[in-house]
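The values are calculated or read from the model by the stated rules, or taken from the named source; none is laboratory data. Just so you know, these numbers come straight off a predicted model, no measurement behind them. Quick reminder, even Gly has a Cβ in these numbers, built from the backbone with ideal geometry, and neighbours come from all protein chains shown.
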Amino acid sequence: MARDWQHLLETVPIRAYQRMAKKKTQLLARYVPNKAFKKGTPPSYLYASGNLNRCNPEGVFCLYFGEGPETARAEFDSYYKRPLTELGYYARVRLKAILDLTDARTRAHFGLKESDFSRSYVTRSGELIPLQKIGRAVSRQRKITAIRYPSHAMQKRKKTGYNLVVFQDLVNGSDFLEIVEGKKAVERWPK
């Protein structure tokens, strides 16, 4: 039986989310290949490709962050198998409503299993995995701006870590995501 992802999303508990600390270890972090960053015209810390990923289908524009540099590093290293020169940066965020898939009740609401967070997100059949279907449903509404979920890369290291995927078109009003260098914001959603 097919799940009605939109209805499930409308009836799920949501919560506010923020990371505003002064310590870098308590901010969101992201690593990207330096070469890919420099290809942008102009280069942008908040470039969202719309490529297929764990929580979004092709064409849905969002950014993935680790909660802290250790999680971001683990995610980068699990994705890029060969040595690369990378660019790491930090973000502050304040969002009124996120979907928190680290909560057991929320996972149960969607019928998610632990394996849904570790399976390949590219399937042979091209069919979307449950997390991508949830991400597509998120992209089609206006209340929830991000999904928080457990980091499989950290689990492989026998550690706990979490990721946040922020949907570009949904960050508005008093919500924001900003890239910081020291105390200064250098780029921000919404613009």
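Among the residues making up the stretch 145-174, those that are part of a loop (DSSP other than H, G, I, E, B) and either touching a helix residue (DSSP H, G or I) at 6+ places or on another chain (Cβ under 7 Å) or surrounded by 15 or more Cβ atoms within 10 Å (Cβ to Cβ) (or both) are 145, 151, 157, 160, 161, 171.
When 162, 89 are screened for being closer than 17 Å to residue 14 by Cα and touching a residue at least 24 places away in the same chain (Cβ under 8 Å), only 162 passes. For residue 46, the criteria (1) part of a strand (DSSP E or B); (2) in contact with a Leu (Cβ under 8 Å, 6 or more places away or on another chain); (3) within 13 Å of residue 91 (Cβ to Cβ); (4) not β-branched (Val, Ile, Thr) hold in every case but one, which is (1). Annotation note: of 106, 25, the sole residue that is in contact with a helix residue (DSSP H, G or I) (Cβ under 8 Å, 6 or more places away or on another chain), surrounded by 11 or more Cβ atoms within 10 Å (Cβ to Cβ) and in a helix (DSSP H, G or I) is 25. Considering (1) under 21 Å from residue 178 (Cβ atoms); (2) modelled with pLDDT of 95 or more, the lone condition that residue 43 does not fulfil carries the number (2). Note on the stretch 130-143: residues that are closer than 16 Å to residue 109 by Cα and either among the basic types (Lys, Arg) or assigned to a loop (DSSP other than H, G, I, E, B) (or both) total 1. In the stretch 48-68, of all residues being without any contact (Cβ under 8 Å) to a residue 40 or more places away in the chain and either in contact with a strand residue (DSSP E or B) (Cβ under 8 Å, 6 or more places away or on another chain) or of a type in the set (Gly, Ala, Ser) (or both), the one that is surrounded by the most Cβ atoms within 10 Å (Cβ to Cβ) corresponds to 50.
Every test in (1) farther than 27 Å from residue 37 by Cα; (2) in a loop (DSSP other than H, G, I, E, B); (3) of a type outside the set (Asp, Glu); (4) touching a residue at least 24 places away in the same chain (Cβ under 8 Å) is passed by residue 121 save one, and that test is (1).
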